[in-house]
Amino acid sequence: MPDTAMPILDVKGLKTVFRTRGGEVHAVNSVDFDLRPGELLGVVGESGSGKSVTMMSLLRLLPSPPAEMRDGAVMFDGQDLLKISPEELRKVRGSKIGFIFQDPMTSLNPVYTIGFQLAEPLRAHLGLSKAQARTRSIELLQLVGIPDAERRLKDYPHQFSGGMRQRVMIAIALACDPQVLIADEPTTALDVTIQAQIIELVKELRQKLGMAIIWITHDLGVIAGIADRVMVMYAGQVVEEGPVGEIFRDPQHPYTQALLKTVPAVRGPRAERLQVIEGQPPIMYEAPAACSFRNRCQFAFDRCSQENPTLTGISAPGHRAACFLLDKASTPEPEAVDG
Amino acid sequence: MLTFTFRRLLLAIPTLVLISLIIFLLLDLAPGDPLADQPLSIPPEVRQKMRDALGLDSPAYVRYLLWAKQFFWVEPLVFVDWVAGTSFSEGMQRILSWQFRAPVFDIIIQRLPQTLWVVGLAYVIGVLIALPIGIISAYKQYSWFDQIGTFVSMIGFSVPPFFSGVLMIVFFAIMLPWFPSIYDTTLVVNDFESFGQQIRQMTLPVMVLALQTTAQLSRFMRASMLDNLNHDYVRTARAKGMTEKVVLLVHVLRNSMIPVVTVIALGIPSIFGGAIITEQIFKVNGLGQLLITAIYANDLPMVQTLAFIFAVLIVLCNLIADVLYGLLDPRIRYD
Ligand SMILES: Nc1ncnc2c1ncn2[C@@H]1O[C@H](COP(=O)(O)OP(=O)(O)O)[C@@H](O)[C@H]1O
Ligand code: SF4
Ligand SMILES: [Mg+2]
């Protein structure tokens, strides 16, 4: 994707806080990113790093309370999705931006047929008649590779397997030909062969329909084959972003480096033991005032607990990371940089 | 579904026969003489003749079988005759009430309308009020509406009808003489004025009973809605761009109604139980009051028959609840 293309989605300074009994939880802390037309952006990070909350914040899908959108702008189609009225927002949801969720077992309404649930956005957004919606539903099910589409319209979600249900979810998300598709760990709940089939399907649909995709996963291995660009999240912040090749070849942030070591090598010697990162992502009871990764970082030094690093550009275009090691002047021991 | 219903109906028969036997044996064990309230001046030999006429001295199993034959065979025939104008039941002995000296079912048929009007209407009103309250309370959780709902339900839960009933009489019949405190069963509704009178005399008992139903059901509806509002499919519906109205009244409501409908069906028999007390307070001479007076008068055939009818109602409502569950939830397949 040429860097010059206008972003289709431009997120600036997004902040989302949960007000809980134990105090505020700062789940998303000043997240900036953009998405260009037709691009596939991979979003990675351990479970709990704020990927889902970030994406749901874009469409204000989090129930409030407890969620509260503190700050930021989400520019899409010339309007700020955080500012527009609920009616205008509804015209974007499911029509211009489609959403697929993690668990296909629970994401469909168990008491309505697939046909009904597919027809809903078609009728609401495109104003199709019942018969038109039906025809289009059959097309959509065929598009996502569900055999015997016409007959299956009147089946209920429990009559489909996990993989088939996720295909139905994809069909619903694509029903109105969206410009952006957000897939939140769409294959995490599925077993490996089904996972591969769904990834293949999305690749294929992307070529056919040309929408931009945000693909969330905690598994860098999934991203390698499909993403154009990768964004790494930790504790509700973007800690590194860049073209997929750059991220895999030359990761800058210690967290990205550690994540990469947890990915089974596809090429090269398989004997190498997989590593895990010790510890867990923190629950952010305060807005970050220092590097959130410092307790788990083997390179941490004084400055890391005094300031919060911001995303800084490095030599390769579009590649940025938030780590003081990149700021050569402040780094105490030169050998740490090689690590 | 049809075969399931049919199978369950067949299974209900032995259950009900067993229940009728247990009711009979329990009543048989209870002390009391149905002739106790006859004048003491009746000579012993006449008294004995009366006992013989009532079959009081025959063995328990004979009396049970007689009752069973009358209940399961004679009374249905009487019903058929009444509907079709035939005369199958001619000359057959029906279940007779000892205190009224008249067929038990004739008296039940007389009393049924009062109970249905007061108790049945109260239940319908209670349900119709409870459902929207539950829905709104859940959607606006912790709002002032929800808080008031919680408070009123707490009162409805904790204050028994024999207290709220008396309270209502004190406030709305005595202090403010808006409604009569005693239900006039002889009232014939034939014009606008008597209709208004009927409405007025039904108001207090219906309110007392409806408050109870509303309190329990609205909480249950609220809990069920809240439970479903947290489900992933709700988020999917919103992500599809559905309006809040559709999310709530199409997606969440249908799922939330599944347990609520069963509770409504299962609550029908218990409301008849509650009516026993409320009917006493407001002097509504319905089935509840009939049962109480029959117990006082040792009118065993009447008590036996009424208790058994309640049992049939419970079994039937259980069956209805199961069938409704299957109809509302496509994941349930009985066959
Ligand atoms: N409903 C909630 N209430 C309070 N905190 C929440 C809630 N949902 C998410 N969070 C917080 O937000 C953080 C990020 O969650 P999430 O975005 O779901 O992570 P991810 O999708 O990356 O696994 C969690 O660690 C948790 O602390
Ligand atoms: S800023 Fe410091 S603690 Fe944070 S990742 Fe870089 S070196 Fe580690
Ligand atoms: Mg997630």
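Being within 14 Å of chain B (Cβ to nearest Cβ), of a type in the set (Val, Ile, Thr) and farther than 26 Å from A:Leu190 by Cβ is a property that A:Val28 lacks.
Based on this model, can you work out whether B:Ile174 counts as more than 30 Å from A:Leu126 (Cβ to Cβ), in contact (Cβ under 8 Å) with a residue 12 or more places away in the chain and surrounded by fewer than 17 Cβ atoms within 10 Å (Cβ to Cβ)? Outline the logic, then answer.
Values: more than 30 Å from A:Leu126 (Cβ to Cβ): yes; in contact (Cβ under 8 Å) with a residue 12 or more places away in the chain: no; surrounded by fewer than 17 Cβ atoms within 10 Å (Cβ to Cβ): yes.
So B:Ile174 fails the test.
Residues are listed down the side, and each one gets a yes or a no for (1) within 14 Å of chain B (Cβ to nearest Cβ); (2) open to solvent by 20 Å² or more (accessible area, probe 1.4 Å); (3) modelled with pLDDT under 90:
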residue: A:Gln197; (1), (2), (3): no, yes, yes
residue: A:Gln207; (1), (2), (3): no, yes, yes
residue: A:Gly221; (1), (2), (3): no, yes, yes
residue: A:Gly225; (1), (2), (3): no, yes, yes
residue: A:Arg229; (1), (2), (3): no, yes, no
residue: A:Gln237; (1), (2), (3): no, yes, no
residue: A:Ile247; (1), (2), (3): no, no, no
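Residues checked against (1) part of a strand (DSSP E or B); (2) free of Cβ contacts under 8 Å to residues at least 12 places away in the same chain; (3) more than 16 Å from ligand 2 (Cβ to nearest atom):
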site: A:Ala5; (1), (2), (3): no, no, yes
site: A:Leu14; (1), (2), (3): yes, no, yes
site: A:Ser64; (1), (2), (3): no, yes, yes
site: A:Leu108; (1), (2), (3): no, no, yes
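Could you tell me whether region A:263-279 includes any residue that is in contact with a strand residue (DSSP E or B) (Cβ under 9 Å, 6 or more places away or on another chain) and either in a loop (DSSP other than H, G, I, E, B) or at pLDDT 85 or above (or both)? Within region A:263-279, not a single residue is in contact with a strand residue (DSSP E or B) (Cβ under 9 Å, 6 or more places away or on another chain) and either in a loop (DSSP other than H, G, I, E, B) or at pLDDT 85 or above (or both).
Yes or no: A:Ala189 under 29 Å from B:Asp329 (Cα atoms) and crowded, with 23+ Cβ neighbours inside 10 Å?
When the stated conditions are applied, A:Ala189 does not pass them.
The number of residues in region B:210-236 being facing chain A (nearest Cβ under 7 Å) and without any contact (Cβ under 8 Å) to a residue 24 or more places away in the chain comes to 4. Answer yes or no as to whether B:Met207 is surrounded by 24 or more Cβ atoms within 10 Å (Cβ to Cβ) and in contact (Cβ under 8 Å) with a residue 12 or more places away in the chain. Here the answer is no, as B:Met207 does not meet what is asked. Residue count for region A:32-58 satisfying the condition of being more than 14 Å from ligand 1 (Cβ to nearest atom) and not charged (D, E, K, R): 6. Restricted to region A:132-240, the set of strands (runs of 3 or more DSSP E) holding at least 3 residues that are within 19 Å of A:Ile97 (Cβ to Cβ) comprises A:180-184, A:212-217.
Each row is one residue, and each column tells you yes or no for (1) hydrophobic (A, V, I, L, M, F, W, C); (2) open to solvent by 50 Å² or more (accessible area, probe 1.4 Å); (3) at negative phi; (4) more than 14 Å from chain A (Cβ to nearest Cβ).
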position: B:Val170; (1), (2), (3), (4): yes, yes, yes, yes
position: B:Asp184; (1), (2), (3), (4): no, yes, yes, yes
position: B:Arg238; (1), (2), (3), (4): no, no, yes, no
position: B:Arg254; (1), (2), (3), (4): no, yes, yes, no
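Residue pairs whose Cβ atoms lie under 9 Å apart, sitting 6 or more positions apart in sequence or on different chains, and linking a residue in region A:188-215 that is in contact (Cβ under 8 Å) with a residue 12 or more places away in the chain to a partner that is among the hydroxyl-bearing types (Ser, Thr, Tyr) and assigned to a strand (DSSP E or B), are A:Thr188/A:Thr217.
The values are calculated or read from the model by the stated rules, or taken from the named source; none is laboratory data. Note that the structure is a prediction, hence the values are computed from the model and not measured. Note: ideal-geometry Cβ built from the backbone for every residue, glycine included; neighbour counts use all protein chains shown. Note: accessible area is taken over every heavy atom of the protein model, side chains too, but ligands, DNA and RNA are not part of it. Shrake-Rupley method; radii C 1.70, N 1.55, O 1.52, S 1.80 Å.
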